[in-house]
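These notes concern the structure reproduced below.
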Amino acid sequence: MSTAQRLHAVTAAREASPNLDPADWPATRAQAHAMLDDMLDYIRDIRTRPVWQPIPAQARAQFRDALPDAPQDLADVHGEFMQFILPYAAGNVHPGFMGWVHGGGTGEGMLAEMLAAGLNANLGGRDHMPIEVERQVIHWMRELFAFPESASGLFVTGTSMANLLSVLVARHARLGRAVRRKGVGAGLRGYAAVTAHRCIGQAFDLAGLGTNALGLVPVDGDFRIDIAALERAIRRDRDAGMMPFMLVGTAGTVDTGAIDDLAALAALARREGLWFHVDGAFGALGMLSDRIAPSLKGIEQADSIAFDFHKWGQVPYDAGFFLVRDGKAHRDTFANPAAYLRREARGLAGGEHWPCDFGPDLSRGFRALKTWFTIKAHGRARLGEMIERSCDLARRLEARILAEPRLELLTRTELNIVCFRYRAADEVNAAIVGDLQESGIAAPSTTIINGKLAIRAALVNHRTEMRDLEAMLKAVLEFGVRREQKLRAIP
Ligand SMILES: Cc1ncc(COP(=O)(O)O)c(C=O)c1O
């Protein structure tokens, strides 16, 4: 059948039944299987592709069309996906992807996304099994972080959002319910290391406290928050009449993977009466490994923890999570009764506490399902081993860098992030990273360490192996020589 004939048949069938379900179920089923096969092939054969490739202008131009009026055949839309979208993804499924902190995803997570979309579940509230799946994951996380039964949890987009919620809960815990009506008076003061993720400052901004209300504390030689400097800052602020209310520790900083001394921070927060929040965006799930968990000691004393299943947990994007020790304080921050959200003793509107009582979202997707599938399909031990393997690879990469005189290691590797540079000017290193990405061999990112531009390899993807790191290093050296020559050739 030609495309025109197929479109004609589809349009005729649609006219017979005006809803949006397939007009031709057998054809849609065959197409669906082909789409599934394509994505399974994509994951299986990912090594044969470049990590990333620049988007050609002609492909980009495909996405400047006017709003389509007429229906298009599903097979054709899928064809466009295969031709113009799939080849130009960021590449974080690929083992050579080591930029920023991106998870690699799993086949199980992908399939669960499809099931969740089929159910089209809205997890804002009401009494249905998807909510129980989210509660199951909350229960597992309470267990993982040794939080009490009264602790609450919530899936959110990512750690940026979870960190924002933490500031709101801490603000509410310090100022009481009135803050929700009257807003924030001046004087609240929170603390985090200068190396904290930028979303912490943004959370202070969005919470109406202003970024100036976040005291940024210097770090020690290992990039961990300087506890003595923190104590001095708190004392200084109290003397100035300010109201310290929150302390943010990081379990795995974005730049170097450093872990603040969480036990010391917990003790200090207790002494000072501060809400102790841990930004564990990727590092918190180190708790899945018996070997790494001891370096996170103190996290179990946090008032709240923010982390992502979509990073080291390998759950497909997005799956951020927020865990709060005092579930009541969490609920009091957000719960907002409304007649149309009345809870009933029976029927679909049953259940006293709904997820919409724990955050700003009323409509919420079923992020819990892909997380539940991933955890069940692989189990804690295997996920923990995968995390350990990333750290082992980071150590091996560190050793290779130390053994290569043309490379300089810029930080001690604590977890899975290795920061190094080719011994040349910053512009050469920036060019090397651009060359690496455009070559499709590997995709590290950059950051600044002690004023120097660093090549940053964040080993998060469960598919990454030593051969990927060897290929990246070989290319760094080759591109480095070439870039230096080019620089010298410029008069
Ligand atoms: C330490 C830290 N905090 C927060 C974030 C932000 O997390 P998300 O991108 O899930 O919002 C990141 C992201 O890499 C991070 O590493």
Q: Identify, from the list LEU262, LEU206, the residue that is within 15 Å of GLY280 (Cβ to Cβ) and within 16 Å of the ligand (Cβ to nearest atom).
A: LEU262
**Q.** The listed residue being surrounded by 20 or more Cβ atoms within 10 Å (Cβ to Cβ) and either within 16 Å of the ligand (Cβ to nearest atom) or more than 16 Å from the chain's Cα centre (by Cα) (or both), out of LEU119, LEU168
**A.** LEU168
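Please determine, by comparing only the residues of segment 171-195 that are outside any loop (DSSP other than H, G, I, E, B) and within 14 Å of the ligand (Cβ to nearest atom), which one is nearest to LYS328 (Cα to Cα). Don't jump to the end; show me each part of the working.
Taking segment 171-195 and keeping what is outside any loop (DSSP other than H, G, I, E, B), we get 171-175, 179-182, 188-193.
Filter once more, keeping what is within 14 Å of the ligand (Cβ to nearest atom): 192-193.
On the way: ALA192: 25, ALA193: 28 Å.
For segment 171-195, the residue satisfying everything is ALA192.
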Q: Run HIS94 past the list (1) over 30 Å from ILE441 (Cα atoms); (2) of a type outside the set (Ser, Thr, Tyr); (3) at pLDDT 95 or above; (4) more than 16 Å from the ligand (Cβ to nearest atom) and report the number of the one that doesn't hold.
A: (1)
Q. With (1) more than 17 Å from ASP279 (Cβ to Cβ); (2) surrounded by fewer than 20 Cβ atoms within 10 Å (Cβ to Cβ); (3) basic (Lys, Arg) as the list, and ARG189 as the residue in question, which single condition is left unmet?
A. (2)
Q: Considering (1) within 21 Å of LYS370 (Cα to Cα); (2) of a type outside the set (A, V, I, L, M); (3) not in a helix (DSSP H, G or I), say which one GLY208 fails and leave the rest.
A: (1)
Q: Take the residues in segment 76-91 that are over 22 Å from ALA394 (Cα atoms) and of a type outside the set (A, V, I, L, M, F, W, C), then tell me which one is farthest from the ligand (Cβ to nearest atom).
A: ASP76
Q: Could you tell me which of the residues ASP239, ASP260, ASP290 is of a type in the set (D, E, K, R) and within 20 Å of HIS197 (Cα to Cα)?
A: ASP260
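Looking only at residues that are within 25 Å of ILE417 (Cα to Cα) and in a strand (DSSP E or B) in segment 237-258, which one is nearest to the ligand (Cβ to nearest atom)? It would help to see each step written out before you state the result.
Just the residues of segment 237-258 that are within 25 Å of ILE417 (Cα to Cα), to begin with: 247-258.
Among the residues that remain, those that are also in a strand (DSSP E or B) are: 247-251.
Working: LEU247: 15, VAL248: 10, GLY249: 11, THR250: 5, ALA251: 8 Å.
For segment 237-258, the residue satisfying everything is THR250.
On the basis of being away from the ligand (no atom under 16 Å from the Cβ) and without any contact (Cβ under 8 Å) to a residue 12 or more places away in the chain, does ARG198 make the cut?
On the way: away from the ligand (no atom under 16 Å from the Cβ): no; without any contact (Cβ under 8 Å) to a residue 12 or more places away in the chain: yes.
So ARG198 does not fit the description; no.
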Q: Pick out, from segment 33-126, the helices (runs of 4 or more DSSP H) lying fully within it that include 3 or more residues that are within 30 Å of PRO360 (Cα to Cα) and not polar (S, T, N, Q).
A: 107-119
Q.
Filter segment 80-94 down to the residues that are out of contact with any Gly (no Cβ under 6 Å at 6 or more places or on another chain) and either among the aliphatic types (A, V, I, L, M) or surrounded by fewer than 21 Cβ atoms within 10 Å (Cβ to Cβ) (or both) and list them by number.
A. GLU80, PHE81, MET82, GLN83, PHE84, ILE85, LEU86, PRO87, TYR88, ALA89, ALA90
Q) Of all residues in segment 168-195, how many are free of Cβ contacts under 8 Å to residues at least 24 places away in the same chain and β-branched (Val, Ile, Thr)? A) 1
Q: Tell me which of these ILE234 doesn't satisfy, since it passes every other one: (1) farther than 25 Å from PHE420 by Cα; (2) surrounded by 18 or more Cβ atoms within 10 Å (Cβ to Cβ); (3) at pLDDT below 95.
A: (3)
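The values are calculated or read from the model by the stated rules, or taken from the named source; none is laboratory data. Predicted model only: the values in this text are computed from it and were never measured. Using ideal geometry, Cβ is built from the backbone for each residue, glycine included, and neighbour counts are taken over all protein chains shown.
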